[in-house]
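Take a look at the structure set out below.
Bear in mind that the values in this text are calculations on the coordinates, not laboratory data. Computed from a predicted structure; not experimentally measured. Cβ coordinates were reconstructed from backbone atoms using ideal geometry, including for glycine residues, and neighbour counts include every protein chain displayed.
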Amino acid sequence: MLKTHLRPRSVHRMLAAGLFFVPLTGFLESVVVAKEIAANRETYQVEARYIVDIPEIDGVLDEEVWQSARIIDQFTQQEPNEGAPATERTEVRIIYAEAWLFIGVEAYDSGELVATEMRRDSDRILEEDNFQVIIDTFNDSRSGYMFVTNPLGAKLEQQIFEEGEGQGRGNNSNVNRNWDGVWMVASRRNATGWTAEIAIPMTTVRFRRLEAQTWGINFMRTIRRKNESVFWAPVPKAYALTRVSLAGTLTGLRSLSQGVDLRIKPRGHGNEDVGPPRCGARCEVRDQLEHESRFDREHRFRPSRGRRAAGELDAFQFVFSREERFLFGECRAVQRWNTGWATFVFQSPHRPR
């Protein structure tokens, strides 16, 4: 029998002051949250399909490996009508190889897409049509990796700690916005909406060294023209996708190869003449090399003073940022040129092997 040294009159005073109410309320809230976590992890489960033939990341889900994957198409609104079904259909497929996780997205849309952002790691992508995925690789319901793209193939990635609480910038933030994880994405607009193919190397994320993996995972889509946000595993309005404790479950991952995440970044500067001789332009080149072999090049074109003085050219400056990716063990290169007002993507036709 539990004994107490509190007098009955003291207990009545404490109850009147609400001193017992706060701990009891906190306990009840913890019970509710625990039930929500268990419900989402059990209700929203998907098994990743193992593949041998690696798909080409071109934004078109036409390979046979995609057709064999399970389709996730039940999304629920958070905004504007919490709990209601999504007004536009979204289909997500997950496949994997030993060293890769692939996510295919078909975002159907009956109206006009809102997408202008092409810069990498720009917060503006979150204010337009976009697709987001968060992966809790340690299945601890606290941390994860978040990847965001839009119909133009823009990219934003973040590391999440403590479910992203205190998301402001700075040392106290639990969202690492400076994380530069290596991943690939290609998006395409089409008559029914837009599609995206996402490829995440296993070297980009950390996970336990187990033969069979169980991860937390959730998906979110924003339909900007309707101000609509939809989730696979529902998340209440008070929270964002970073609430990984409410994510679903990803199973079926076996014999993953994490490899070594080693990056080398030598830098160099140079000049080269470009274009027809009469243009008199010079090109300044800055190269950056990374392991996974990604090359970032910035080209600045300036006409010569003589040509501008002669009225042959206006005073202008074009800045091209080119990103090249050569994946080790593969025979494919992806180049992205960004002029600030347009992006051009060139990809070799060879499939990775």
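Please say if region 35-254 is rounded, prolate or oblate, where rounded means a/c under 1.5 for a ≥ b ≥ c the square roots of the C-alpha gyration tensor eigenvalues, and otherwise the choice is prolate for a/b larger than b/c and oblate otherwise? The shape class here is rounded.
With neighbour counts taken as other beta-carbon atoms within 10 Å, the residues Thr242, Thr76 rank, fewest first, as Thr76, Thr242. Just to verify a number: FRET efficiency for Arg189 and Gln45, C-beta to C-beta distance, R0 = 25 Å, to 0.05? E(calc), rounded to 0.05, equals 0.20. Remark: the Cα gyration tensor places region 73-166 in the rounded category, a/c being less than 1.5. With neighbour counts taken as other beta-carbon atoms within 10 Å, the residues Leu241, Leu113 rank, fewest first, as Leu113, Leu241. Note on Thr87 and Arg225: their simple-model spin labels are 1.1 nm apart, each label 7 Å out from Cα toward Cβ. Between Phe161 and Gln67, the contour length at 0.36 nm per residue exceeds the Cα-Cα span by 30.4 nm. Taking the number of Cβ atoms within 10 Å of each Cβ as an exposure proxy, the fewest-first ranking of Thr116, Thr43, Thr137, Thr203 is Thr43, Thr116, Thr203, Thr137. Computed extension length for Leu210-Arg124: 27.2 nm, one decimal, from 0.36 nm per residue of separation with the Cα-Cα distance subtracted.
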